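Chemist: So that we are looking at the same thing, I have put the structure below in structure tokens.
The values are calculated or read from the model by the stated rules, or taken from the named source; none is laboratory data. Quick caveat, the model's predicted, so the values are computed rather than measured. Using ideal geometry, Cβ is built from the backbone for each residue, glycine included, and neighbour counts are taken over all protein chains shown. All accessible areas refer to the heavy atoms of the entire protein, side chains included, with ligands and DNA or RNA removed. Shrake-Rupley method; radii C 1.70, N 1.55, O 1.52, S 1.80 Å.
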Amino acid sequence: RIVIGNWNTPLIDATWHYRLYPDAATNAWYSEAVKYVSENGIMSGYQNGLFGTSDSIKRQDFLVMLARLDGVNLNNYKYKSSFPDVVRNSYYEAAVNWGAQKGIVTGYQNGKFGVGDKVTREQIVTFLYRYADYKGYDSDYSSNRENVVSRQYKDYKNVSGFAKQPILWAIEKGVISGKTSTTIVPQGNAQRCEVAKIMYNIYLNDIFK
């Protein structure tokens, strides 16, 4: 605690910088995003006090985060899952069940959800696109968007068929802007700091309103 008095009044108008997590730098490109997701209960740090900025996220964990963003009462979705690899009474069971019932997730062709698999960038965008559709949010994008994206991002051709519309929507709406200025890296794993930035972009651009 810092006491502000006549001897240090300049602190009243000072700009304060603080770290929520030791591994999240206050001047990093993701700093405001990490602050946003933490203060709004969408993401949280580890028990060791770290945020895990560069760690990958698993598929079930992203569904938990999306459910937190939605504010859904997951008590209504605590039942046996249709996915054989979803563990009964696990921390993620209700979130995955909610996502499946609302058409946000469909699982793999083998019938499994893919618990434990690292979620890819194109999967994240697809989940968000389906969520927007389920909620009745704007899921449209301009007719020439594919031409624009294919010219700017040299690896757009690598985007899976199921993710092409979600990717075009996400880029136009400002959900993502690419891994770099010329790449999307659709099958790459998203880091926790990147997911925080995606959630923050959704907030900044009023996408889910």
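To keep it simple, each residue is scored yes or no on (1) open to solvent by 40 Å² or more (accessible area, probe 1.4 Å); (2) in contact with a Gly (Cβ under 9 Å, 6 or more places away or on another chain).
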position	(1), (2)
Tyr21	no, yes
Ala25	no, no
Ala28	no, no
Glu32	yes, no
Asn40	yes, no
Met43	no, no
Thr53	no, no
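Chemist: Report every pair of residues separated by at least 6 positions or lying on different chains whose Cβ atoms are under 9 Å apart, first residue within segment 31-56 and of a type in the set (D, E, K, R), second open to solvent by 30 Å² or more (accessible area, probe 1.4 Å).
Modeler: Glu32/Lys197; Glu32/Tyr200; Lys35/Leu20; Lys35/Tyr200; Glu39/Leu20; Asp55/Tyr46; Asp55/Gln191
Chemist: Something else about it: Quick one: what pairs do we get from segment 194-205, first residue closer than 17 Å to Ala132 by Cβ and of a type outside the set (Ser, Thr, Tyr), second at pLDDT 95 or above and open to solvent by 20 Å² or more (accessible area, probe 1.4 Å), C-beta under 6 Å, 6+ apart or different chains?
Modeler: Taking only residues 6 or more apart or on different chains, the pairs are Asn201/Gly174; Ile202/Phe208; Asn205/Gly174.
Chemist: Where residues in segment 55-68 are open to solvent by 50 Å² or more (accessible area, probe 1.4 Å) and basic (Lys, Arg), which of them is nearest to Leu204 (Cα to Cα)?
Modeler: If we take residues in segment 55-68 being open to solvent by 50 Å² or more (accessible area, probe 1.4 Å) and basic (Lys, Arg), then Arg68 is nearest to Leu204 (Cα to Cα).
Chemist: Every residue in segment 128-139 that is surrounded by 13 or more Cβ atoms within 10 Å (Cβ to Cβ) and in a loop (DSSP other than H, G, I, E, B), please.
Modeler: Across segment 128-139, the qualifying residues are Tyr137, Asp138, Ser139.
Chemist: Let me ask you something else. Looking at Asn147, Asn73, Asn89, which one is closer than 27 Å to Lys179 by Cβ and free of Cβ contacts under 8 Å to residues at least 12 places away in the same chain? Full working, then the answer.
Modeler: Details: Asn73 fails: closer than 27 Å to Lys179 by Cβ; Asn89 fails: closer than 27 Å to Lys179 by Cβ.
Within the list Asn147, Asn73, Asn89, the selection yields Asn147.
Chemist: Take the conditions in a helix (DSSP H, G or I), open to solvent by 20 Å² or more (accessible area, probe 1.4 Å) and either touching a Ser or Thr at 6+ places or on another chain (Cβ under 7 Å) or aliphatic (A, V, I, L, M) (or both) and apply them to Ile167. Does it pass?
Modeler: Numbers: in a helix (DSSP H, G or I): yes; open to solvent by 20 Å² or more (accessible area, probe 1.4 Å): no; either touching a Ser or Thr at 6+ places or on another chain (Cβ under 7 Å) or aliphatic (A, V, I, L, M) (or both): yes.
No, not satisfied.
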